[in-house]
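K.L.:
Right, I'll just put the structure down here and ask away after.
Only the coordinates and a few stated rules stand behind these numbers; no lab work does. The shown structure was predicted, so the numbers you read here are calculated from the model rather than taken from an experiment. Cβ placement follows ideal geometry from the backbone for every residue including glycine, while neighbour counts extend to all protein chains displayed.
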Protein chains: 2
Amino acid sequence: MARATLKDVAAAAGVSVSTASRALADNPAIAPATRDRVRACAADLDYQPNAQARALRSSRTSIIGLTVPSLVNPFFATMAHVIQQEASRHGLSTIISSTAEDPAQLATSLGTLASQQVDGILAVPYNGSDDAFTRLPMPVVLVDRELPDAGLPTIASDPRPGIDAAVAHLLERGHHHIGYLSGPMTTSTGVGRLAAFEEACGRHGVDKREIHHGGFDRAEGHQGTLDLLDRGVEAIIAGDSMMSVGALEACHARQVAIGRDLALIGFDDNSTMRLQASPVTVIDQNVADLGTRALHLLIDLMSGTSPPPAPTTPTTLIIRPSSDFTRRRHHRD
Amino acid sequence: MARATLKDVAAAAGVSVSTASRALADNPAIAPATRDRVRACAADLDYQPNAQARALRSSRTSIIGLTVPSLVNPFFATMAHVIQQEASRHGLSTIISSTAEDPAQLATSLGTLASQQVDGILAVPYNGSDDAFTRLPMPVVLVDRELPDAGLPTIASDPRPGIDAAVAHLLERGHHHIGYLSGPMTTSTGVGRLAAFEEACGRHGVDKREIHHGGFDRAEGHQGTLDLLDRGVEAIIAGDSMMSVGALEACHARQVAIGRDLALIGFDDNSTMRLQASPVTVIDQNVADLGTRALHLLIDLMSGTSPPPAPTTPTTLIIRPSSDFTRRRHHRD
């Protein structure tokens, strides 16, 4: 007969797997009566927790901490949602702290999570914030952004495949004058995506390109788009989801017809990009994969196992009408 | 001469107000050197904390907890952002837990926050979740949704003014057959908004109305919109922000021209609603006001002061092209 699982115990006790796990871990959030019922069912079924579950049981709080740079950025909102739901399936609670795209707030957030004795931390760092991580006694996994000198395990996406495909696609459709809304140089993603854009322009021979140095912020995307339009670009690639929304705002405000006057490519897929008269082509990061892999790596570290180094997730290009039109040239420059 | 404030101490020590507050409160997240520098500056300036600050200083963690029903719902994302930023200005850190629109997860989230000994909790409850609040030893303020029998202080908006104005506006423009996407009856907002819609229909004499009983979820809004369109409605009012996005999805998928074939009114203002070919009329809740007032009420309770009962925030109607067109009748029914 198959060995009883935590799911069997939970079913027998009439509680969720999460509650059963926490009851067996003696988590104070579970009422004593529930705890005793779960334990009785576990004994009846001769339930034997596996090694990972034993390691998790010996942890102090069954809580993990997550810092995100923004709560209103749909990319990080989705990442937090994915991590929290997957953690719940593993009997872990998640507490989230926002650092508001402000490097100074990261140290405060990490200090708060550490003082709460969480069992592990998932963090989206800023360049130069290495020091904030040095005094943390629990396992840490970086997600989305890297800190090359910190020596911390990291789950991030590779911007190059998606950005390279975006530039090739624009040229193929006749959009030769390309503007790029760059993120801040205080983040590895801002730096890495700009480098990927420059690299792709070099590889594909784009000779007319414009860079607007912005930030991961709607207002920056809005202002940068007006700036790039004034410089006469035929296409714009936005370097993150917030600037993508700002670019849409600017085009609506100035009545620029996306998919006819301007080819627009956003970063990260979300409903705002899809629900346009001319749905927006995006460079997609597969946020569900990023969040899930980061959580699983953290759980491995919390269980004391040494997982193999994780490869990056490639970005992909999702082509939609905002850029998928051919620009006819009336004259050569 | 004016008395030195916490801001003056922070400026003298070259740290943020948040850091200064936590340094004076002996919060372990602050490095000892920083703490000593802040204290020296406070002594130099003869800084005297006021009563509220003294009460906060004696609290245990300088952390508040917040439960939200969803991280991907832009209404709650904005609320969490507003609360976290305002808490930071008061020297408090915020830890956030999502309950994923699942009443069963609320008890777990509250248990987690309680086990973390936060100084106070802001929570968005579900109907029937009264029990989950009975064993909490710290001040609690409910926000957005009510629990009439729990006797807890609550900051919520009044759906009636906005919904009444929406129905009156639709009739005035000639949209007489009105569909409503209702939220779940497991929330006070779902119940209250449906009642407000029924009341407005009665008051203004709407004789053709259709109700779709959905949930606070994009897929429900999508399915419900298809259902209401099949029933021949001329106008749709969505009962929350997630169903508003779902309604947009359904209209895009079925190529229904919003602002010409269908009058659409969403709930809660956000960029997806504004960035449409036909920008969407919304019933707005003033989320910044809700979040700020809930936090200030919690801080008052944490400081031991008894604030006056808080009035509700009225909803308002923001009219945009999605509904602001006149329907001509070719024949009378």
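K.L.:
Principal axis extents for chain B, Cα atoms only, whole Å, descending order, please.
P.N.:
That gives 82, 42, 35 Å along the principal axes, largest extent first.
K.L.:
Here is a further query. What is the calculated FRET efficiency for A:ASP261 to B:MET185, with r their C-beta to C-beta distance and R₀ = 35 Å, to the nearest 0.05? Walk me through the numbers before you get to the answer.
P.N.:
Values: r = 47 Å, r/R0 = 1.35.
Given R0 = 35 Å and the Cβ-Cβ separation, E is 0.15.
K.L.:
Considering Cα pairs under 8 angstrom that are at least six residues apart, work out the relative contact order of the range A:158-285 and quote it in whole percent. Intermediate values should be presented prior to the final figure.
P.N.:
Working: 241 pairs, mean separation 31.4, N = 128.
Across the range A:158-285, relative contact order equals 25 percent.
K.L.:
Of all beta bridges DSSP finds with both residues in chain A, what is the antiparallel percent, to the nearest 5?
P.N.:
Antiparallel bridges make up about 10 percent of those DSSP assigns within chain A.
K.L.:
Okay, moving on. Return the long-range amide H neighbours of A:THR94 (sequence gap of 5 or more, or a different chain), with a cut-off of under 5 Å between placed amide H atoms.
P.N.:
Under 5 Å from the amide H of A:THR94 lie the amide H atoms of A:ILE64, each far enough along the sequence or on another chain.
K.L.:
Let me ask you something else. Hey, what angle do you get for helix A:287-302 against the long axis of chain A, alpha-carbon based, 0 to 90 degrees rounded to 10?
P.N.:
Rounded to the nearest ten degrees, it is 40.
K.L.:
Sticking with this structure for a sec: Normalised radius of gyration for the range A:266-333, please: alpha carbon Rg relative to 2.2 N^0.38 Å, two decimal places.
P.N.:
Details: Rg = 19.1 Å, N = 68, 2.2 N^0.38 = 10.9 Å.
Ratio of Cα Rg to 2.2 N^0.38 Å: 1.75.
K.L.:
Relative to the longest principal Cα axis of chain A, at what angle does helix A:218-230 sit, 0 to 90 degrees, rounded to 10?
P.N.:
That works out to roughly 20 degrees.
K.L.:
Suppose each label sits 7 Å from its Cα in the direction of the beta carbon; what would the B:ARG254-A:ASP158 distance come out to in nanometres?
P.N.:
4.4
K.L.:
How well do other chains shield peptide B:137-149, expressed as the mean number of their Cβ atoms within 10 Å of each residue Cβ?
P.N.:
What the average comes to for B:137-149 is 0.
K.L.:
Given the Cα-Cα distance of B:ASP149 and B:ALA104 and 0.36 nm per residue of separation, how much length would full extension add, in nm?
P.N.:
The span from B:ASP149 to B:ALA104 would gain 14.3 nm if fully extended.
K.L.:
With label points built 7 Å along Cα→Cβ from the Cα atoms of A:ASP131 and B:ALA310, find their separation and express it in nm.
P.N.:
3.8
K.L.:
Step through the residues of the range B:184-191 one at a time and calculate ³J(HN,Hα) from phi using the Karplus curve (6.51 cos²θ - 1.76 cosθ + 1.60, θ = phi - 60°), rounding each to whole Hz and writing x for Gly and Pro.
P.N.:
Couplings: x, 6, 8, 10, 5, 6, x, 5 Hz.
K.L.:
If the only charges are +1 at each Lys and Arg Cβ and -1 at each Asp and Glu Cβ, what is the size of the charge dipole of the protein assembly as shown around the Cα centre, to the nearest 20 debye?
P.N.:
Result for the protein assembly as shown is approximately 80 debye, rounded to the nearest 20.
K.L.:
Between B:PHE325 and A:GLU172, what is the spin-label point distance in nm, taking each point 7 Å from the Cα along the Cα→C-beta axis?
P.N.:
For the pair B:PHE325/A:GLU172, the computed spacing is 3.6 nm.
K.L.:
On the principal axes of its Cα set, how long, how wide and how thick is the range B:77-190? Give whole Å, largest value first.
P.N.:
So the extents along the principal axes, rounded to whole Å, are 56, 33, 24.
K.L.:
For B:ALA40, which inter-copy label distances result when the label point lies 7 Å beyond Cα on the Cα-to-Cβ vector, reported in nm to one decimal and in ascending order?
P.N.:
Output for B:ALA40: 6.3 nm, nearest copy listed first.
K.L.:
Nm distances between the label at A:ARG89 and the same-position labels in the remaining copies, 7 Å along Cα→Cβ, shortest first?
P.N.:
Result, one decimal in nm: 4.0.
K.L.:
Separate question: Within chain A, what's the longest stretch lacking trypsin sites (Lys or Arg not before Pro) that sit in DSSP loops with no more than 16 other Cβ atoms inside 10 Å?
P.N.:
So the longest stretch without any such site is A:136-230.
K.L.:
Amide H to amide H, which residues 5 or more places from B:THR61 or on other chains are under 5 Å from it, using H placed in the peptide plane?
P.N.:
Here B:ASP119 satisfy the definition.
K.L.:
Taking only C-alpha pairs under 8 Å that are 6+ residues apart, what is the relative contact order of chain B in percent? The partial results should precede the final answer.
P.N.:
Working: 648 pairs, mean separation 53.9, N = 333.
Computed over chain B, the figure is 16 percent.
K.L.:
Please turn the phi angles of the range B:28-44 into ³J(HN,Hα) values with the Karplus equation 6.51 cos²θ - 1.76 cosθ + 1.60 (θ = phi - 60°), one per residue in order, whole Hz, x for glycine and proline.
P.N.:
Residue by residue, the range B:28-44 yields x, 6, 8, 4, x, 4, 5, 4, 5, 5, 4, 5, 5, 5, 4, 5, 3 Hz.
K.L.:
Taking the dipole about the Cα centre of chain A, with the C-beta of Lys and Arg at +1 and of Asp and Glu at -1, give me whichever of A:ALA247, A:LEU317, A:THR292 is farthest to the positive side.
P.N.:
Going by the Cα projections, it comes out as A:THR292.
K.L.:
Sticking with this structure for a sec: Where nothing but the Cβ of Lys and Arg (+1) and of Asp and Glu (-1) is charged, how large is the charge dipole of the range A:228-283 around its Cα centre, in debye to the nearest 20? The partial results should precede the final answer.
P.N.:
Details: 4 positive and 7 negative charges, 32 e Å.
The calculation lands at about 160 debye.
K.L.:
Now a separate question. So how much slack lies between A:ASN286 and A:ASP26, counting 0.36 nm per residue of separation and subtracting their Cα-Cα distance, in nm?
P.N.:
On the way: separation 260, 0.36 × 260 = 93.60 nm, distance 3.61 nm.
Gain on extension, A:ASN286 to A:ASP26, equals 90.0 nm.
K.L.:
A further question follows. Which whole number in µm²/s is D for the range A:6-49 by Stokes-Einstein, with the Kirkwood Rh taken over Cα pairs at 20 °C and 1.002 mPa s?
P.N.:
On the way: Rh = 9.8 Å.
Estimated via Stokes-Einstein, D reaches 220 µm²/s.
K.L.:
Let me know the whole percent of all Cα-Cα pairs from the protein assembly as shown that are separated by more than 37 Å.
P.N.:
Details: 95518 of 221445 pairs.
Everything past 37 Å amounts to 43 percent.
K.L.:
Can you tell me the dipole magnitude for the range A:97-152 around its Cα centre, using point charges on the Cβ only (Lys, Arg +1; Asp, Glu -1), in Debye to the nearest 20?
P.N.:
Values: 2 positive and 8 negative charges, 35 e Å.
Its charge dipole is roughly 160 debye.
K.L.:
Right, another one. Can you give me the long-range amide H partners of A:HIS177? Hydrogens built in the peptide plane at 1.01 Å from N, cutoff under 5 Å, separation of 5 or more residues or another chain.
P.N.:
Close amide H contacts, sequence-distant or interchain: A:GLU234, A:ALA235.
K.L.:
Moving to a separate point now. Along the range A:105-118, what does the Karplus equation 6.51 cos²θ - 1.76 cosθ + 1.60 (θ = phi - 60°) give for ³J(HN,Hα), rounded to whole Hz, x for Gly and Pro?
P.N.:
Those phi angles translate into 7, 5, 4, 4, 4, 5, x, 4, 5, 5, 5, 8, 6, 4 Hz.
K.L.:
How many nanometers, to one decimal and shortest first, lie between the label point of B:ASP149 and those of its other copies, if labels sit 7 Å from Cα toward Cβ?
P.N.:
Here B:ASP149 shows inter-copy label distances of 6.1 nm.
K.L.:
Roughly how tilted is helix A:241-254, in degrees to the nearest 10 and between 0 and 90, from the longest Cα axis of chain A?
P.N.:
Value to nearest ten degrees: 40.
K.L.:
Right, next: Could you pull out which residues in the range B:100-120 have an amide N less than 20 Å from a spot 7 Å beyond the Cα of A:ARG89, following the Cα-Cβ vector?
P.N.:
Only B:100-106, B:108-109 fall inside the zone, counting backbone N under 20 Å.
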